[in-house]
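Enquirer: My questions will all concern the structure given below.
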Amino acid sequence: MDANGFSTTLIHAGEGKDEHPAPLTTPIYETTTFIFPDSAELRRYNEGRSQSYLYSRYDNPTVVSVEEKLAAADEAESAAVFGSGMAASSTLLLALLKSGDELVTSAAVYGGTLHMMREFLPKFGVTVRPVSLEALRDPAAVLSDRTRLVWFESPLNPTLRCVDVAGVAAACRAAGAISVIDNTFASPVNQRPLALGVDLVIQSASKYLAGHSDVTAGVITGGAALVREIALTRRRLGGILDPQPAYLLGRSLKTLALRMARHNSSGLAVAQALEGHPHVRAVFYPGLSSHPDYQVACAQMSGFGGMICIEVDGGEAGACRTFDRLRIVRRAASLGGVESVCSLPVLTSHWGYTAEQLAAAGVTPGMMRFSIGLEDPEDLIADIRQALG
Ligand SMILES: Cc1ncc(COP(=O)(O)O)c(C=O)c1O
């Protein structure tokens, strides 16, 4: 380097020496591009005969490492990660749908997903047909000749209603439609949809998977052929996860099972403690035998998670009063982090819904949604009780 100028020296000195150290953890490959030793290797890469990396919008070792973990978690052949759950969903739909296709979606899915489907897919000639939870109980009856893809969620926001996952998957398979479940609320610890016959699983990794409310990411898992098609579309659309948050996601996944065990036990403890409270009209938690889908949940889930919805006395005013009095549980949207948070569906996920739309979603103005975190459960119970007054 001595013969080179100052800038050339500073740019190249000390770089590219990382072949020998063997780090225990996968490092953050904070690079947009990768060096090829010669043109022959570049040719091998283009012909699919090389393990090299070309460009981080295509693939990156930190990202691939976390994808392997996520595929293993879902017992999937492949996984692809994205810069958000919405990037995962939109890329999946654009990869697999074409003009003339029909998408059947449960009307009861994350609002952002439904808005995205309705705003964008008709522009590309795709028909979006939302169906009710009741209709999904007979999935074969909701499919038509044009149905290419069926999208559903279980458990769902905020009522924690559950859909018979194996039933929907089997009906789709028989009709030649692709089944896609949003498994964000369950996580792979509590529900393995691929083993129940679903083709593709999408999750907002911003929730339980990353688990610390500091990473925005999304993931799709499933069979190698479908995930490859989606990953190639991801190259075009550019929604891949950056190496830095991929590293954090990979680190978080190492404690997913431990965290979920605590979310599960604390979720159940809080739900049981609130059931029967004089100011609580109803507690919605799939692990309570009073939940309308308790039997379905027991059949397909191995734990019930940390999401709880309660309906308090006094409608929206009652919910707002209780919300404003919380001391430990934070008033915030999102879910699945170590901190317990509470949101009011009518002011967040279901803001702007008409009375009829709220009724169709099973949402009432007095509902409060809790994401039970990893604090001591007795502190959370005491906090919610004092807020209820
Ligand atoms: C069930 C569900 N799916 C998908 C998403 C979208 O994920 P993201 O916010 O990571 O884009 C969310 C976000 O709240 C969600 O709750």
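The values are calculated or read from the model by the stated rules, or taken from the named source; none is laboratory data. Every value quoted in this text rests on a predicted model; they were computed, and no experiment measured them. In this analysis, Cβ positions are derived from the backbone assuming ideal geometry, glycine residues included, and neighbour counts consider all displayed protein chains.
Enquirer: Given (1) part of a loop (DSSP other than H, G, I, E, B); (2) free of Cβ contacts under 8 Å to residues at least 12 places away in the same chain; (3) under 19 Å from the mean Cα position of the chain (by Cα), identify the lone condition not met by ASP145.
Expert: (3)
Enquirer: I need a count of the residues in the stretch 300-333 that are within 20 Å of ALA359 (Cβ to Cβ), of a type in the set (D, E, K, R) and assigned to a loop (DSSP other than H, G, I, E, B).
Expert: 1
Let's see how each residue does on (1) more than 15 Å from the ligand (Cβ to nearest atom); (2) more than 30 Å from PHE36 (Cα to Cα); (3) at pLDDT below 95:
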| site | (1), (2), (3) |
| --- | --- |
| TYR53 | yes, no, no |
| ARG57 | yes, no, no |
| LYS69 | yes, no, no |
| ASP74 | yes, yes, no |
| SER78 | yes, no, no |
| SER84 | no, yes, no |
| SER89 | no, yes, no |
| VAL104 | yes, yes, no |
| ALA107 | no, yes, yes |
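Residue-wise test of (1) away from the ligand (no atom under 16 Å from the Cβ); (2) assigned to a strand (DSSP E or B).
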residue	(1), (2)
GLN203	no, yes
THR216	no, no
ILE220	no, yes
LEU226	yes, no
LEU249	no, no
SER252	no, no
ARG259	yes, no
LEU268	yes, no
GLY276	yes, no
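Enquirer: I'd like to check something: does the stretch 110-125 contain any residue that is among the charged types (D, E, K, R), within 16 Å of the ligand (Cβ to nearest atom), surrounded by fewer than 23 Cβ atoms within 10 Å (Cβ to Cβ) and at pLDDT 95 or above?
Expert: As a first pass, look at the stretch 110-125 and keep what is among the charged types (D, E, K, R): 118-119, 123.
Those left that are additionally within 16 Å of the ligand (Cβ to nearest atom): 118-119.
In the following step, the residues that additionally are surrounded by fewer than 23 Cβ atoms within 10 Å (Cβ to Cβ) were identified as 118-119.
Remaining after also requiring at pLDDT 95 or above: 118-119.
Among the residues of the stretch 110-125, at least one is among the charged types (D, E, K, R), within 16 Å of the ligand (Cβ to nearest atom), surrounded by fewer than 23 Cβ atoms within 10 Å (Cβ to Cβ) and at pLDDT 95 or above, which makes the answer yes.
Enquirer: Name the residue that is surrounded by the most Cβ atoms within 10 Å (Cβ to Cβ), counting only residues in the stretch 126-142 that are among the charged types (D, E, K, R) and part of a loop (DSSP other than H, G, I, E, B).
Expert: If we take residues in the stretch 126-142 being among the charged types (D, E, K, R) and part of a loop (DSSP other than H, G, I, E, B), then ARG137 is surrounded by the most Cβ atoms within 10 Å (Cβ to Cβ).
Enquirer: Could you grab the pairs with beta carbons closer than 9 Å, sequence gap of 6+ or different chains, first residue in the stretch 189-216 and at positive phi and of a type in the set (D, E, K, R), second one within 14 Å of the ligand (Cβ to nearest atom) and part of a loop (DSSP other than H, G, I, E, B)?
Expert: Partner pairs satisfying both residue conditions: none exist.
Enquirer: A follow-up question, please. Only one of these is within 16 Å of the ligand (Cβ to nearest atom), over 13 Å from the mean Cα position of the chain (by Cα), surrounded by fewer than 18 Cβ atoms within 10 Å (Cβ to Cβ) and of a type in the set (Gly, Ala, Ser): GLY238, GLY197. Name it.
Expert: GLY238
Enquirer: Determine which single condition VAL270 fails, assuming it passes every other condition in (1) under 19 Å from the mean Cα position of the chain (by Cα); (2) touching a residue at least 40 places away in the same chain (Cβ under 8 Å).
Expert: Just one mismatch for VAL270, condition (1).
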